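Undergrad: This is the structure I have questions about; it appears just below.
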Amino acid sequence: MIQDGDRIMVCLSGGKDSYTLLDALLSLQARAPIQFELIAVNLDQKQPGFPADVLPNYLDSVGVTYRIVEEDTYSVVTRIVEEGKTLCGLCSRLRRGILYRVASELGATKIALGHHRDDLVETLFLNMFYGARLKAMPPKLLSDNGRFVVIRPLAYCKEADIARYAEARRFPIIPCNLCGSQENLQRKKIKAMLEGWEREDPGRTERLFRSLQNVNPSHLADTGLFDFKSLTPRRSLPGS
């Protein structure tokens, strides 16, 4: 995921995942046989009650170069989205566009996000149930405009392990009071479903994740991935 000379923009939200991501990359930076830069970026979306001093104080304490980007996406999202509707879709699109712009301004070669194994599996089911697509989030991705490589270094980590690590490290967690507080989120429903499955059948989430690495296009139904039309039976060999 990381190459010599990379300038990595680490997206820091203030949640357990992004703190763990930054901590892991700092540890790797100190030990890796290659050289790369880290720049932490937080998007202050102007949510009411957001403690703006927490992240700068923490980043100063660990000696990380950082940039706080102030964009009032909160007002935009709450104004446009109808009451009772989920805010995640629009919020995510606005946030992505701003982060890509900042990555360009910083000259970043990679954008690091804190998604973990459970996020990838949840996204798989979200896309199947609500989007009719067999699609998740890859550990490494080229952005739509082709200018950035997005990496997810925690893609193979369990959320429960990250939560325990974050608690042990005593990161100053900042809760999300925008989309994370909505009770009717589709992702919350998927998470509850997977947690129920895991209680009934421990290890199921891990097997689901491994299935993303073991895809057989000839046993699906996407004609763009496999040429079903050209399938013909083999001719009998002479003398058979």
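The values are calculated or read from the model by the stated rules, or taken from the named source; none is laboratory data. What you are looking at is a predicted structure, and each value in this text was computed from that prediction instead of being measured. No Cβ is skipped: glycine too gets one built from the backbone with ideal geometry, and neighbour counts run over all protein chains shown.
Undergrad: Could you tell me whether any residue of segment 146-160 is without any contact (Cβ under 8 Å) to a residue 12 or more places away in the chain and of a type outside the set (Gly, Ala, Ser)?
TA: Scanning segment 146-160, I find no residue that is without any contact (Cβ under 8 Å) to a residue 12 or more places away in the chain and of a type outside the set (Gly, Ala, Ser), so the answer is no.
Undergrad: In addition: Those residues that are closer than 23 Å to Tyr156 by Cβ and loosely packed, with under 10 Cβ neighbours inside 10 Å, I need them from segment 211-240; list them, please.
TA: Once the filter is applied, which keeps residues that are closer than 23 Å to Tyr156 by Cβ and loosely packed, with under 10 Cβ neighbours inside 10 Å, segment 211-240 yields Gln213, Asn214, Asn216.
Undergrad: Turning to a different aspect of this structure: For segment 182-212, which residues satisfy the criterion of being among the polar types (S, T, N, Q), at pLDDT 95 or above and either part of a loop (DSSP other than H, G, I, E, B) or under 15 Å from Leu126 (Cβ atoms) (or both)?
TA: If the condition is that a residue be among the polar types (S, T, N, Q), at pLDDT 95 or above and either part of a loop (DSSP other than H, G, I, E, B) or under 15 Å from Leu126 (Cβ atoms) (or both), then Thr205 is the only one that fits.
Undergrad: Contact list please: Cβ distance under 6 Å, first residue in segment 96-116 and assigned to a helix (DSSP H, G or I), second residue acidic (Asp, Glu), pairs at least six apart or on different chains.
TA: So the pair list comes out as Ile98/Glu71.
Undergrad: Quick test of your reading of the structure: Asp23 fulfils all but one of (1) in a helix (DSSP H, G or I); (2) under 23 Å from Tyr100 (Cβ atoms); (3) at pLDDT 95 or above. Name the failing condition by number.
TA: Of the numbered conditions (1) in a helix (DSSP H, G or I); (2) under 23 Å from Tyr100 (Cβ atoms); (3) at pLDDT 95 or above, the odd one out for Asp23 is (2).
Undergrad: Let me ask something else. Quickly run through segment 117-138 and pick out the residues that are assigned to a loop (DSSP other than H, G, I, E, B) and within 25 Å of Ala163 (Cα to Cα).
TA: Ala136, Met137, Pro138
Undergrad: Within segment 23-72, count every residue that is in contact with a strand residue (DSSP E or B) (Cβ under 8 Å, 6 or more places away or on another chain) and of a type in the set (Val, Ile, Thr). Give the steps one after another, and end with the answer.
TA: Taking segment 23-72 as the starting set, the residues that turn out to be in contact with a strand residue (DSSP E or B) (Cβ under 8 Å, 6 or more places away or on another chain) are 25-26, 29, 36-44, 46, 50, 52, 55-56, 59, 64-71.
Those still in the list that are of a type in the set (Val, Ile, Thr) too: 39, 41, 64-65, 68-69.
The total comes to 6.
Undergrad: Which residue is surrounded by the fewest Cβ atoms within 10 Å (Cβ to Cβ), if the candidates are limited to segment 27-48 and must be over 19 Å from the mean Cα position of the chain (by Cα) and of a type in the set (A, V, I, L, M)?
TA: Ala30
Undergrad: For segment 139-158, give me each residue that is under 14 Å from the mean Cα position of the chain (by Cα) and surrounded by 14 or more Cβ atoms within 10 Å (Cβ to Cβ).
TA: Pro139, Leu141, Val149, Val150, Ile151, Arg152, Pro153, Leu154, Ala155, Cys157, Lys158
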